[in-house]
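Undergrad: Structure below; questions to follow.
FYI, it's all coordinate maths here, none of it is from the lab. What you see is a predicted model, and the numbers here were worked out from it, not measured in a lab. No Cβ is skipped: glycine too gets one built from the backbone with ideal geometry, and neighbour counts run over all protein chains shown.
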Amino acid sequence: MSFSYRPLFIQLASRGMKKTDLLKEAGLSSATLAKLGKGEYLSGESIEKLCKYFECQPGDLVEYVPDTFPKSTEELSGYEDLQSVC
């Protein structure tokens, strides 16, 4: 399982900001910015700081991306509830 911070980057772009602006604006550390850039896990404290800054919920900044997802209907065995969608 992994997470994508794409929604956060979209928030930044819509405000004309860069990741580095979050250092002083949201009070994040440079180590946290590095984690964002690599798509690594952030602490709950870091997520909280971002949510306070953007006045939003965690789901507005982070999205879950499954490691493996069936690519074809043949790979959907075990995913019967998804077969009707494909």
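Undergrad: Fewest to most neighbouring Cβ within 10 Å: what's the order for 67, 60?
TA: So the residues, fewest neighbours to most, are 67, 60.
Undergrad: Can you compute 3J(HN,Hα) from phi for each residue in the stretch 37-48, using the Karplus curve 6.51 cos²θ - 1.76 cosθ + 1.60 with θ = phi - 60°, rounded to whole Hz and x for Gly and Pro?
TA: Whole-Hz 3J(HN,Hα) from phi for the stretch 37-48: x, 8, x, 8, 5, 10, 6, x, 5, 5, 4, 4.
Undergrad: Can I ask one more? Have a look at the stretch 1-56 and give its Rg and Dmax from the Cα atoms, expressed in angstrom.
TA: For the stretch 1-56, the Cα radius of gyration and maximum Cα-Cα distance read 10.4, 30 Å.
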